[in-house]
1. Of the residues in segment 29-74, how many are in contact (Cβ under 8 Å) with a residue 40 or more places away in the chain and either among the β-branched types (V, I, T) or not assigned by TED's automatic domain parsing to the domain that holds R141 (or both)?
2. Which condition number does K266 fail, the rest of (1) touching a Pro at 6+ places or on another chain (Cβ under 8 Å); (2) in contact (Cβ under 8 Å) with a residue 40 or more places away in the chain being met?
3. Name the single residue that is surrounded by the most Cβ atoms within 10 Å (Cβ to Cβ) among those in segment 49-89 being in contact with a strand residue (DSSP E or B) (Cβ under 9 Å, 6 or more places away or on another chain) and of a type in the set (S, T, Y).
4. One residue is enough: does segment 84-103 have a residue meeting the conditions of a type in the set (A, V, I, L, M, F, W, C), in a loop (DSSP other than H, G, I, E, B) and more than 30 Å from D166 (Cα to Cα)?
5. Name every residue in segment 216-256 that is modelled with pLDDT under 95, under 22 Å from E315 (Cα atoms) and either within 22 Å of the chain's Cα centre (by Cα) or of a type in the set (F, W, Y) (or both), in order of residue number.
6. Might you let me know whether segment 181-198 holds any residue that is outside the structural domain of Q357 (by TED's automatic domain parsing), basic (K, R) and either assigned to a helix (DSSP H, G or I) or under 20 Å from E338 (Cα atoms) (or both)?
7. Within the group I208, I230, which residue is within 19 Å of E284 (Cβ to Cβ), outside the structural domain of A163 (by TED's automatic domain parsing) and assigned to a loop (DSSP other than H, G, I, E, B)?
8. Looking at N49, N66, N25, which is the one that is part of a helix (DSSP H, G or I), among the polar types (S, T, N, Q) and more than 25 Å from L107 (Cα to Cα)?
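The values are calculated or read from the model by the stated rules, or taken from the named source; none is laboratory data. The model shown is predicted, which means the values in this text are computed figures rather than measured ones. Don't worry about glycine lacking a Cβ; one is built from the backbone with ideal geometry, like all the others, and counts go over all protein chains shown.
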Amino acid sequence: MKVAIVHDWLVTYGGAERVLEQILNIFPEADLFSLIDFIDDDKRDFIRNKKVKTTFIQSFPLAKSNYRSYLPFFPIAIKQFDLQKYDIVISSSHCVAKSVSTAPHQLHICYCYTPARYAWDLQKQYLSGTGFSSIKIFILRHYLSRFRMWDRANSKNVDYFIACSDYISNRIEKSYFRSSYTIYPNVSVDDFELSEIKKDYFVTCSRIVPYKKVDLIVEAFSRMPDKQLIVIGDGPDYKKLQSLQSSNITLIGHQPFAVLKDLIKKASAFVFAAEEDFGIAPVEAMACGTPVIAYGEGGLLETVIHKKTGIFFYEQSAKSIEKAVLDFDRTVLLSPKEIREHALKFSSERFRQEFLQFAFQCWDKHYSDNFSTELSHT
């Protein structure tokens, strides 16, 4: 079988690219397609150093750093790929990759990280953070309204949807009126070691951007001078955190992986305040045997077990985080070893097995359906 894999864009090695890496490990001979490809030559191991087939957006000015500005061209560009020679098309999509054109005889499986959040349910949050004038926001809303209609219509090109969590499965149903099957993304749990000895500090790690709500974590700990917090990460809101910082809070910016891992595995707990589609960082913390104090919404409800592998708070506020930290001190959770065993359920090996099994089941059904259709026409 000839397999094509279509990814939205290749500019960095993030969560979606880690999933893409495992799909390529399942189908190493597959051809790879993407709107753009700006992965450096020395960092292409995760795509098996493949030559990527890209679109005309690749040659647009400042496409590497400002590719999101070309969103109006994405629907046109993604339709330019000629995939007729492939038996199976796998799209790895949080934007337009799932909208590639396929023929009836081809099997199209989409691994969907989310319907485009800026076009669907989180549009208001995204637009409010742009700083655009009211006229620009009006134009953007008009365009995104048209994009949603196009996005929903082209979701019909997908034969089978895979969601990265039940939370996203519900979004797929609301946005596209399509059912989906959940396969949790792979987490590099083997890169994190168990530590059964914990020190007297809390840690959080993420990019310092508004939706991560790290400022709320810092504000909460500033009210608890007896609790030590270490904040790992950098981003546009870093200066804001510095203005909220108190003597019990240490901001250390971006750190090498070895330092990050060592701090997480020795922490009393990992604190996380964002609403995530899945949430890789909390699972990585649990892989160290470190419990999680997290906002109880989104994909984390499926990865963290309340009062066993962590504690939930249910409002994104400093007061709610403060209460959760105090509750954590009074709650007996599973042992670090048991917490790690739970995290191992999200391994890369598990992902490959589940994805391959699902793909074969889809192929068998697709082949038998096509065979029955051909018989009915003879």
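1. Adding up the residues that qualify gives 1.
2. (1)
3. Here the answer is T55.
4. Of all residues in segment 84-103, those of a type in the set (A, V, I, L, M, F, W, C) come to 88-90, 95-97, 100, 103.
Adding the requirement that they be in a loop (DSSP other than H, G, I, E, B) leaves 95-96, 100, 103.
If we keep only those that are more than 30 Å from D166 (Cα to Cα) as well, we get none.
No: segment 84-103 contains no residue that is of a type in the set (A, V, I, L, M, F, W, C), in a loop (DSSP other than H, G, I, E, B) and more than 30 Å from D166 (Cα to Cα).
5. D237
6. Among the residues of segment 181-198, at least one is outside the structural domain of Q357 (by TED's automatic domain parsing), basic (K, R) and either assigned to a helix (DSSP H, G or I) or under 20 Å from E338 (Cα atoms) (or both), which makes the answer yes.
7. Working: I230 fails: assigned to a loop (DSSP other than H, G, I, E, B).
I208 is the lone residue from the list that is within 19 Å of E284 (Cβ to Cβ), outside the structural domain of A163 (by TED's automatic domain parsing) and assigned to a loop (DSSP other than H, G, I, E, B).
8. Numbers: N49 fails: part of a helix (DSSP H, G or I); N25 fails: more than 25 Å from L107 (Cα to Cα).
Step by step, each of N49, N66, N25 is checked, and only N66 is part of a helix (DSSP H, G or I), among the polar types (S, T, N, Q) and more than 25 Å from L107 (Cα to Cα).
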